[in-house]
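J.: Got a structure for you, questions after.
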Amino acid sequence: MQQKTDEQTSVRKLFIPSLMVVYFSLFIVDSISGTFLLDVTETFFASREPLYIAITSQLSTTSSIASAVFALFLAMMTVRFNHKKLLVLGTLCVPIGALGCYLAPNYVFLQLFFVLEGIGSLIVTTMAIVLVADILPMNKRPQATGWIMSGPTIAAMIGSIIVSSFFSGGDWRSFLLWYALPITLISIVAACFGIPSSKEKIADIVEKGAYLRSFKQVLLNKSAATCLFGSLIRYSSLFWGLYFTTFLRIEFNLDLGSAVLLTGLPMAVIITLGHIIGGYMANWYGRKNLTVITLLIHGATLPLIGVLPDLYVALAIFYSGTFIGALAFPAMTNLLLEQTPEFRGTIISINSIFSTIGAAIGAAIGGLSLAMFNYTGMFFTFAILIIVSATIFFFVKDPCRNRGN
């Protein structure tokens, strides 16, 4: 009995580190639509023209649309199946997608396996937040969310060093085979052995109308619906970063290795610190207040990246704005998490749908604004989206305001 208790305690201690490892692996494959965007474009289209770069960037659009459709099924699965098992399923999809992208003979097959990887990432990110809510008390959730969200940025820090040291020539296939695939396989081990099962009881038989009623309760809650819409706009505003490395390479004639060192490593450090610090600040200053203020500041500074002609001044503004924007994410996630505690699984599932739709919108807006205008115009477009999201969150109620958390 004592041995069993010790084992349970050990697993709980590994909970947050294991989720960080899983998150670490999720966004590595996405490098082919970001860091290696120019190189993938040249592989399949033999061109560096903005039009073909914009077409290749729609890998993210296709993946986001497919993930949004799958999220409807995931929402039903969360009612019926164990949350940890669903997370493991999502983790398994990622290495399969990575291997498929590596072997892709043409752009169509690349899209198909990129979609599979995106679906796996959707399952993991959704289930991770639900598991945090299932297992941890409310006052511990923002900090946990901040640490978990640091996983991808830590991956970016390490990835930038890996790319500049071993893949600066733009060999994205080797990057997938020798770096992305092994990491995603390690994440499967972390998901299986480091994450405890949820305390939530999963019903053996679910009434047909119960799930639809839970959807109705969430969407008819004015504050919850407003929060979901703000989340959609916020996720759509993230995709300016997809083009930033390419922007530096074209506007300042940097090679891939230099561009990655200037963006990947410093930005990853900044975002990691922002997520972790933001997790603690959410309890100090309030989830809503921190979300609104940080997004307004971030939106106001973003356009200056394209306006100022000096590389280092633009980078300084970029880094500071990115840090402030990163502070918002733990607060925003937990603001949403507490809107409808009795329907937490439902609202997180809906948010997965909204976030993937927002990602599709953001990728499409980015490609369209780049094709129609230029990089400066694209940065202005995304800045407007960030400010709009802050305005929407201003009208959301903070359920934790009077609880001292």
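J.: Which three extents, in whole angstrom, do the alpha-carbon atoms of segment 264-371 cover along their principal axes, largest first?
T.: If we take the Cα atoms of segment 264-371, the spans are 51, 35, 24 Å.
J.: So, by mean Cβ neighbours within 10 angstrom, what's the order for 250-257, 49-56, 118-125, 147-154 with the highest one leading?
T.: Values: 250-257: 15.4, 49-56: 17.8, 118-125: 25.9, 147-154: 23.2.
Order by mean packing, descending: 118-125, 147-154, 49-56, 250-257.
J.: Still on this structure, please answer the following. Gaussian network model of the chain, Cα springs within a sub-10 Å range: biggest mean-square fluctuation belongs to which of Ser57, Ser168, Ser67?
T.: The residue with the greatest mean-square fluctuation here is Ser168.
J.: For the pairs Lys85/Lys216; Lys13/Lys288; Lys222/Lys288; Lys84/Lys288, note any where the Cα-Cα span goes beyond 20 Å. Write out the running numbers ahead of the final one.
T.: Values: Lys85/Lys216 27 Å; Lys13/Lys288 29 Å; Lys222/Lys288 15 Å; Lys84/Lys288 29 Å.
Pairs exceeding 20 Å: Lys85/Lys216; Lys13/Lys288; Lys84/Lys288.
J.: When ranked by the protection proxy of mean other Cβ atoms within 10 Å per residue, highest first, what sequence do the peptides 354-360, 341-347 form?
T.: The peptides rank, most packed first, as 354-360, 341-347.
J.: In whole Å and largest first, what semi-axes does the C-alpha gyration tensor of segment 150-192 yield when each eigenvalue is scaled by 5 and square-rooted?
T.: On the way: eigenvalues 84, 35, 7 Å².
Ellipsoid semi-axes (Å, largest first): 21, 13, 6.
J.: Starting from 0 in steps of 5 Å, tell me what percent of the Cα-Cα pairs of segment 16-58 lands in each bin.
T.: Calculated over all Cα pairs of segment 16-58, the distribution is 6, 23, 23, 13, 10, 9, 8, 5, 2 percent.
J.: Next question, about the same structure. Given contacts defined as C-alpha pairs under 8 Å and at least six residues apart, what's the relative contact order of the chain, whole-number percent? Mind showing how you got there, number by number?
T.: On the way: 657 pairs, mean separation 107.8, N = 405.
Across the chain, relative contact order equals 27 percent.
J.: While we're on this one: Order 128-140, 320-332 from most to least packed using the mean count of other Cβ atoms within 10 Å.
T.: Numbers: 128-140: 19.2, 320-332: 24.8.
Answer by packing, highest mean first, reads 320-332, 128-140.
J.: Out of (i) 21.0; (ii) 46.1; (iii) 19.3, which label holds the value of mean projected area of the Cα convex hull in nm² that was computed here?
T.: (iii)
J.: How large is ³J(HN,Hα) for each residue in segment 68-85, as worked out from phi by the Karplus curve 6.51 cos²θ - 1.76 cosθ + 1.60 (θ = phi - 60°), to whole Hz, x for Gly and Pro?
T.: Whole-Hz 3J(HN,Hα) from phi for segment 68-85: 4, 5, 5, 4, 4, 5, 4, 4, 6, 5, 5, 6, 9, 10, 4, 5, 5, 4.
Every number in this text was worked out from the coordinates using simple rules, so none of it is lab data. Owing to the predicted nature of the structure, the values given are computational and were not obtained by experimental measurement. A quick note on method: Cβ atoms are made from the backbone with ideal geometry, for glycine too, and the neighbour counts reach across all protein chains shown.
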